[in-house]
Amino acid sequence: MNELSPQKLTAKDYATDQEVRWCPGCGDYAILKSVQKTLADLEADPANTVFVSGIGCSSRFPYYMATYGFHTIHGRAPAFATGIKLANPGLDVWMVTGDGDGLSIGGNHLLHVLRRNVDIQILLFNNEIYGLTKGQYSPTSRPGTRSPSSPGGSIERNLNPCNFALAAGACFVARTVDTDQKHMPEILKRAHGHRGASFVEIFQNCIVFNDAVFADFTDKKNAPERQLRAEHGHKLVFGPNNEKGLRLDRDNVAIEIVTIGENGITEDDILVHDETDALLAQMLVTLDGPDAPVVVGVIYCNPADTYDGGVASQVESAKSAKPNADMKELLFAGSTWTVD
Ligand SMILES: Cc1ncc(C[n+]2csc(CCOP(=O)(O)OP(=O)(O)O)c2C)c(N)n1
Ligand code: SF4
């Protein structure tokens, strides 16, 4: 008898019949489309895939994915995702969080899931605002941001999500843009292929409360001049004709923006991207200044042991040390007592 070959799923097969409740024009739609396309390209088994989120507009994501999903509590998606991965290491776990959810109330939890290096994909939708609660400023809002909670302009220094992730010990750090339907699936596939916590910051436009906050480097007309796509082993160049690049100022251990062909600068002066270099990664994510580009792509990737892998091997060695152990006996070993 001929065996029926399983039908290949398309992006649409990963969508649910739920009404998508984001504002028309929200960047979350484009991200949803990219994620669904990525899963189709990866031939992901929906029965083996889980999306976990916290609270916020972005955190509505699991409703729209025809996979397993948990819409959990504010900032606590990392704890749920860790538990899911430990209880069932065979599951492919994706975590979706916003800049408020992940970096404000959930900052502590995000820090530890990255430090522990739990094998999950973390997608942080950064719109530099609290969307769901109607536009208050968030930890990533730039100084001067006017909002209902900062009517005189935010006086706080803003947090850089990728710098936070690197400082927390993340072994995979990347950036992409909501509307970039070519780049995002590439980055998501790299994140998926990485064993350990993969942190992806997605610049997401909140059309209602913080419209065009990233337009200076995401708009089609501005992108060539202001966006640099880092690729391992390739020169760190940008500009409409790749005429600009990054050079290392060795005396000050800093990055300089230079133009090839000017002041004796040649292609040989331009830095080559090494995604395993933590110091370079930190310099790339914190590049600042009117001439500096925003670096997107896989900025850091340097795999290390995972927390779930460590737990699994400890469980295995404990089991093999006592192959015929009796659970009740183990529980009642040592000092136990009964409360009447
Ligand atoms: C314990 C608790 N504190 C505060 C809130 C209110 N709240 C809901 S979502 C949210 C922030 C969402 O912002 P963000 O994570 O940036 O997501 P976005 O809506 O922009 O996608 C806040 C403060 C809450 N629901 N629960
Ligand atoms: S409030 Fe902003 S982030 Fe939330 S759905 Fe609307 S546009 Fe999107």
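Considering (1) near ligand 1 (Cβ under 9 Å from one of its atoms); (2) open to solvent by 10 Å² or more (accessible area, probe 1.4 Å); (3) under 28 Å from D17 (Cβ atoms), say which one F125 fails and leave the rest.
It is condition (2) that F125 fails.
Of these, N302, N241, N263, N252, which one is closer than 29 Å to L111 by Cα and either in contact with a Gly (Cβ under 7 Å, 6 or more places away or on another chain) or open to solvent by 50 Å² or more (accessible area, probe 1.4 Å) (or both)?
N302
Count, please, the residues in region 98-127 that happen to be in a strand (DSSP E or B) and either free of Cβ contacts under 8 Å to residues at least 12 places away in the same chain or within 13 Å of ligand 2 (Cβ to nearest atom) (or both).
Final tally of qualifying residues: 3.
Taking the condition of being touching a residue at least 24 places away in the same chain (Cβ under 8 Å) and open to solvent by 10 Å² or more (accessible area, probe 1.4 Å), how many residues in region 195-213 meet it?
9
When residues of region 277-305 are filtered for being more than 18 Å from the chain's Cα centre (by Cα) and either among the acidic types (D, E) or not in a loop (DSSP other than H, G, I, E, B) (or both), how many remain?
Counting residues in region 277-305 that are more than 18 Å from the chain's Cα centre (by Cα) and either among the acidic types (D, E) or not in a loop (DSSP other than H, G, I, E, B) (or both) gives 7.
Any idea how many residues of region 180-229 are within 16 Å of ligand 2 (Cβ to nearest atom) and of a type outside the set (D, E, K, R)?
Residues meeting the conditions: 14.
Taking region 167-184, which residues are surrounded by fewer than 23 Cβ atoms within 10 Å (Cβ to Cβ) and in a helix (DSSP H, G or I)?
If the condition is that a residue be surrounded by fewer than 23 Cβ atoms within 10 Å (Cβ to Cβ) and in a helix (DSSP H, G or I), then A167, H183 are the ones that fit.
The values are calculated or read from the model by the stated rules, or taken from the named source; none is laboratory data. Computed from a predicted model, the values in this text were never measured in an experiment. Neighbour counts are summed over all protein chains in view; Cβ atoms, including those assigned to glycine, are modelled from backbone coordinates with ideal geometry. Just the protein is used for accessible areas: all its heavy atoms, side chains included, with ligands, DNA and RNA removed. Shrake-Rupley method; radii C 1.70, N 1.55, O 1.52, S 1.80 Å.
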